[in-house]
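Take a look at the structure below.
The values are calculated or read from the model by the stated rules, or taken from the named source; none is laboratory data. For clarity, every value in this text was computed on a predicted model and none was experimentally measured. Positions of Cβ are generated from backbone atoms using ideal geometry, with glycine treated the same way; all protein chains shown enter the neighbour counts.
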Amino acid sequence: MMVIYLAGLKSVDPTLREAAKVDGANEIRTFFRVVFPVMAPINTVIVVLTAIESLRAFDLAFIINQGKNGLELLSILITNNSISESTRVGFGSAIAVILLVISLGPIVAFLSQAMRPAR
């Protein structure tokens, strides 16, 4: 993620920073008013990749302790309620729908930004 951020920071036009400095903006205001808006597509990509990677954390938590002791993830709840010997398939399906809705949020935001026509 840091490599993507560094590439995004390198892609920011230095003349934008110079123009902000000429206008009297300090470093913090320059970052939040100039650099951060320019990096909006990169921030969206980072959010989507982080969401996808956090949803893939099932294997580590399940291997360590089968989702007990505070490592109970949504994916482990789905597995324990749907696939295991439990008869709570409906509850597991409801959790799967919640996980789908959570994961669709950043993906839809990314796709709407990526499909937007250039100005």
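Of the residues making up region 84-100, none is of a type in the set (A, V, I, L, M) and not in a helix (DSSP H, G or I).
The rows are residues; the columns are (1) assigned by TED's automatic domain parsing to the domain that holds Ser103; (2) touching a residue at least 24 places away in the same chain (Cβ under 8 Å); (3) assigned to a helix (DSSP H, G or I).
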{"site": "Val3", "(1), (2), (3)": "no, no, yes"}
{"site": "Lys10", "(1), (2), (3)": "no, no, yes"}
{"site": "Thr15", "(1), (2), (3)": "no, no, yes"}
{"site": "Ala20", "(1), (2), (3)": "no, no, yes"}
{"site": "Ala25", "(1), (2), (3)": "no, no, no"}
{"site": "Arg33", "(1), (2), (3)": "no, no, yes"}
{"site": "Val45", "(1), (2), (3)": "yes, yes, yes"}
{"site": "Thr50", "(1), (2), (3)": "yes, yes, yes"}
{"site": "Asp59", "(1), (2), (3)": "yes, no, yes"}
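Do we find that Asn69 is more than 25 Å from the chain's Cα centre (by Cα), part of a loop (DSSP other than H, G, I, E, B) and modelled with pLDDT under 80 in this structure?
It is true that Asn69 is more than 25 Å from the chain's Cα centre (by Cα), part of a loop (DSSP other than H, G, I, E, B) and modelled with pLDDT under 80.
Thr87 passes every criterion in (1) β-branched (Val, Ile, Thr); (2) at pLDDT 80 or above; (3) surrounded by fewer than 14 Cβ atoms within 10 Å (Cβ to Cβ) apart from (2). Cβ-Cβ distance below 6 Å, separation of 6 or more or different chains: which pairs start in region 75-96 with a residue that is within 23 Å of Ser54 (Cα to Cα) and end on one that is surrounded by fewer than 12 Cβ atoms within 10 Å (Cβ to Cβ) and of a type outside the set (D, E, K, R)? Listed pairs, sorted by first residue: Ser82/Val89.
Matching residues to (1) closer than 18 Å to Gln113 by Cα; (2) loosely packed, with under 11 Cβ neighbours inside 10 Å; (3) more than 15 Å from the chain's Cα centre (by Cα):
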position	(1), (2), (3)
Lys10	no, yes, yes
Pro14	no, yes, yes
Asp23	no, no, yes
Phe36	yes, no, yes
Arg56	no, yes, no
Leu60	no, yes, yes
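For region 56-69, the count of residues that are touching a Gly at 6+ places or on another chain (Cβ under 9 Å) and among the aliphatic types (A, V, I, L, M) is at least one.
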